[in-house]
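For reference, the structure discussed in these notes is given below.
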Amino acid sequence: MISRLHDPDYNRWAHQIKRTGGCRQPIHLRGKVEHYDQTTGHLLHRYSTTTEPNGVLRVPCKTRRASRCPACAEVYRADTYQLVRAGLVGGKGVPETVTSHPCLFVTLTAPSFGVVHARREKNGKVLPCHARRDAEVCPHGRTMSCTDRHSADDPRLGEPLCPDCYDYDGSVLFNAISPELWRRFNLALRRRFARLNGLTVKALREHVSIAFAKVAEYQRRGVVHFHAVIRLDGPDGPDTPPPTWATADTLAQAVQHAAAAVTAEIKPLRRAFRWGTQLDTRQITMTGDLTDQAVAAYIAKYATKAAECVGTLDRRIQPLDNLNVLPVREHARRLIAACLRLGGQPALADLRLIHWAHMLGFRGHFSTKSRRYSTTLGALRAAREEHMRAEEISTGRLPLFEEDTVLVIAHWEYAGQGLSLGEQLLAAAITGVRLPQLVGDPQ
């Protein structure tokens, strides 16, 4: 840290750190960018990293995982918030009239794979976990009862009362098949909505389109469930209103039917999966508890999280890793072991369970949306890049010229990633981003 502070290029290094927004693991790039006049071949501008500290340019890692880089994950969360909210109130290319379109907030859960410790509340009072007067004794000799009133940070939450009775294979297989289950749910939703209104699916497209944005969330027991915003539009998307007969109540009926009806089968095992019985369907309004801001914030929060709450790793499990010594909870260890065991079966190779063992079998995208729901993350990032480019031009760091008349030649090489411990401390002081723990901390 002292060496970096006394470096003659410290000010330039600090400027790079500020531009990364406090990224914990910035990417180091080595190379150059040259701008030429296409007509004359004259060099208009050249940038090279040879004049940068250590000869590299540091750029944000842009990960979505808050466990890896809180600063970059916050940018991803904010973009997701804007994307979801634009589909509810307009903006970012979506008309403001979309606020009048019927819209639901739907939560699809996973089925039960065994009794787990849970925190239950009623009227603000914490209830016993699983209090049973005549509790059964499982085949492994454990009493299937728990009278503890768990705190919100109790490490036992999500863990089975009897690990030997818990269906670990079913848990990871459900995670693996859940993207297909979601796809079938969407198809069944459209079919049911069309039937409730006396139409065929083809005829429905001429009157109504159904848009959605959803995110996957891990429960403490290690299975995913989906939160989704589902909106009714006219045939041309958010620019046109749906007909008066396309109501939120009818959409809710279609959601309930589709969630109960669809199944997805893993044919080699002849095992079918369906959504859990707990289904939450509520209408989104501009006033009340379930507002556009509340829904967008809730969905965006989970867009930066993965399976960390289960106690697993935020990186892939390598073939040479010793599963018995990995720093994970025992429940997570059993789920990972189930992925590795099932993934070794040739008939299940398409599920790629070994590759996604650290995600406990889930291999889908965490946040997805239909094409017409709202803007895209790419469009938001492009707008940010254009804003930053305009700022560079206004401050004189980039020349002002017509892009159509300029030939850009760039050459970049990967030169490393991350910061030393001393640099992490300085970066935290410069950007105000709090370090969760020091490198080398045994925890």
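The values are calculated or read from the model by the stated rules, or taken from the named source; none is laboratory data. Please read all numbers here as calculations on a predicted model, not as lab measurements. Methodologically, a virtual Cβ is constructed for each residue, glycine included, from the backbone with ideal geometry; neighbour enumeration extends over all protein chains shown. Heavy atoms of the whole protein, side chains included, go into the accessibility calculation; ligands, DNA and RNA do not. Shrake-Rupley method; radii C 1.70, N 1.55, O 1.52, S 1.80 Å.
Which value, in Å², gives the accessible area per residue of the chain when a 1.4 Å probe is used on the protein heavy atoms? Write out the running numbers ahead of the final one.
Values: 23340 Å² over 443 residues.
Accessible area per residue, the chain: 53 Å².
Sorted largest first, the principal axis extents computed over the alpha-carbon atoms of the chain equal 81, 58, 49 Å.
Taking packing as the residue-averaged number of other Cβ atoms within 10 angstrom, the listed peptides 220-227, 200-207 run from highest to lowest as 220-227, 200-207.
Taking a ≥ b ≥ c as the square roots of the eigenvalues of the alpha-carbon gyration tensor, the stretch 1-126 is classed oblate because a/c is 1.5 or more while a/b is no larger than b/c. Subtracting the Cα-Cα distance of A347 and R12 from their residue separation scaled by 0.36 nm leaves 115.1 nm.
For the peptides 307-320, 183-196, the ranking by mean Cβ contacts within 10 Å, running from highest to lowest, is 183-196, 307-320.
Over all projection directions, the Cα-based convex hull of the stretch 79-127 averages an area of 6.6 nm².
Once the cut-off is 12 Å, how many percent of the Cα-Cα pairs in the stretch 47-96 end up in the long-distance tail? Kindly include the intermediate steps, with their values, before the conclusion.
On the way: 863 of 1225 pairs.
Beyond 12 Å sits 70 percent of the P(r) for the stretch 47-96.
Here the label points at V406 and E136, each 7 Å from Cα along the C-beta direction, are separated by 7.1 nm in the simple model.
Compactness of the stretch 146-289 is given as radius of gyration and Dmax, 18.6, 56 Å, from Cα positions.
Over the stretch 166-244, what percent of the accessible surface lies on carbon and sulfur atoms, probe 1.4 Å?
On the way: 1440 of 2820 Å².
That fraction is 51 percent.
Expressed as a whole percent, how much of the Cα-Cα distance distribution for the stretch 238-314 exceeds 19 Å?
66
Each Lys and Arg Cβ is given +1 and each Asp and Glu Cβ -1; about its Cα centre, the chain then shows a dipole of about 1200 debye.
Per residue, the average separation of C-alpha pairs within less than 8 Å and at least 6 apart gives the chain a relative contact order of 25 percent.
Starting from 0.36 nm per residue, how many nanometres of slack lie between A390 and L340 once their C-alpha separation is accounted for?
Net length gain for the segment: 13.0 nm.
Computed from label points 7 Å out along Cα-Cβ, the spacing between T147 and A260 is 3.8 nm.
Can you give the calculated 222 nm mean residue ellipticity of the chain, where each DSSP H run of n ≥ 4 adds -39,500 (n - 2.57) and the sum is split over every residue, rounded to the nearest 500 deg cm²/dmol? Please report the intermediate quantities before stating the final value.
Details: 10 runs with 135 residues, N = 443.
Rounded to the nearest 500, it is -9500 deg cm²/dmol.
Once you reduce the stretch 5-69 and the stretch 224-292 to the center of their Cα atoms, the two points are 45 Å from each other. Using alpha-carbon positions, what is the distance between the centroids of the stretch 145-170 and the stretch 78-131, in Å? When both Cα centres are located, 24 Å separates them.
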